[in-house]
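Let me begin by presenting the structure, written as structure tokens, before commenting on it.
Read the figures in this text as sums done on the coordinates, not as results from a lab. No experiment lies behind these values; they were computed from the predicted model shown. Quick reminder, even Gly has a Cβ in these numbers, built from the backbone with ideal geometry, and neighbours come from all protein chains shown.
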Amino acid sequence: MSPARRTFTDKQQLAEALADAVAADLQAGITARGAASLAVSGGTTPVNFFRALSRKEDVAWDKVTVTLVDERWVDETSDRSNARLVRQNLLQGRAARASFVPLYQGGDAPDAARAGAAQASVPRPLDAAILGMGNDGHTASFFPGGDTLDEALTAEGPVIAIRAPGAGEPRVTLTLRQLLAAKALYLHIEGEEKVETLRKAEAEGPVEAMPVRAILRETSTPLTIYWCP
């Protein structure tokens, strides 16, 4: 099954459309089970989406649990914290009623024990997960050259600590299996450079060189790519 693709003229149009889709996913989970869960990515790309989603009044936010796809191993006081980004842009207004499960557990580095401390709280399965992609072909914290990349792509998880040359700080990430178990999976990219990276990732080549290929090549999980210039 090839990924579905949706192309938009600008960032705000994309943000609103993705927010509509994710809000529907969450409400479907609430209708079916009385609760719903969402994993989101960090960086600058999802800010407009976060703000659009936070305004969705048709979501019963008090029944939603939000967590992160991955996190830099930094305190929330850092401007590089994905948790901080989510609190400031998504968990606002009505969406502030949602529960939030951070992945950072304190300490100098995310060893196996600290990474594992988040596992009991991470909701499974996710109703929706939104991924980003770096120009090096990483997604989540599946970085080329990562010291636990193979484990992140094969282990049950749901959480793995990882260090990589291109990652900056040590990180903790949901595993590939955890992400592929999501009921809805989205790849959100913006700009011509990212779509060129996507073209390279869709070509032949090892997953280890561009780990986003692990998502793109998985045929059993529906993936929708949202892109705008």
Work out, step by step, the length gained on full extension between A35 and S99: first 0.36 nm times the residue separation, then minus their alpha carbon distance; give nm to one decimal. 22.0 nm
For the pair Q92 and E204, what calculated FRET efficiency results from E = 1/(1 + (r/R0)^6), where r is the Cβ-Cβ distance and R0 = 41 Å, to the nearest 0.05? 0.40
Span from the region 1-70 Cα centroid across to the region 166-229 one, whole angstrom: 17
Once phi for every residue in region 174-190 is put through the Karplus expression 6.51 cos²θ - 1.76 cosθ + 1.60 (θ = phi - 60°), the whole-Hz ³J(HN,Hα) values, with Gly and Pro written as x, are 5, 7, 4, 4, 4, 5, 6, 7, 4, 5, 9, 10, 10, 10, 10, 9, 9
Considering only the other residues whose Cβ falls under 12 Å of the Cβ of Q178, what net charge follows from Lys and Arg at +1 and Asp and Glu at -1? 0
14 Å beta-carbon shell around S37, net charge (K/R +1, D/E -1): +1
Let me have the relative contact order for the chain, percent, based on Cα pairs under 8 Å that are six or more residues apart. 24
Relative to the present Cα-Cα distance, how much length would full extension add between S78 and A17 at 0.36 nm per residue of separation? 19.0 nm
Please turn the phi angles of region 150-163 into ³J(HN,Hα) values with the Karplus equation 6.51 cos²θ - 1.76 cosθ + 1.60 (θ = phi - 60°), one per residue in order, whole Hz, x for glycine and proline. 4, 5, 4, 8, 10, 6, 5, x, x, 10, 9, 7, 8, 10
Note on region 94-229: contact order normalised by length, alpha-carbon pairs under 8 Å, 6 or more apart, percent, works out to 26
Report for region 62-172 the percent antiparallel among DSSP-assigned beta bridges with both residues inside it, nearest 5. 60
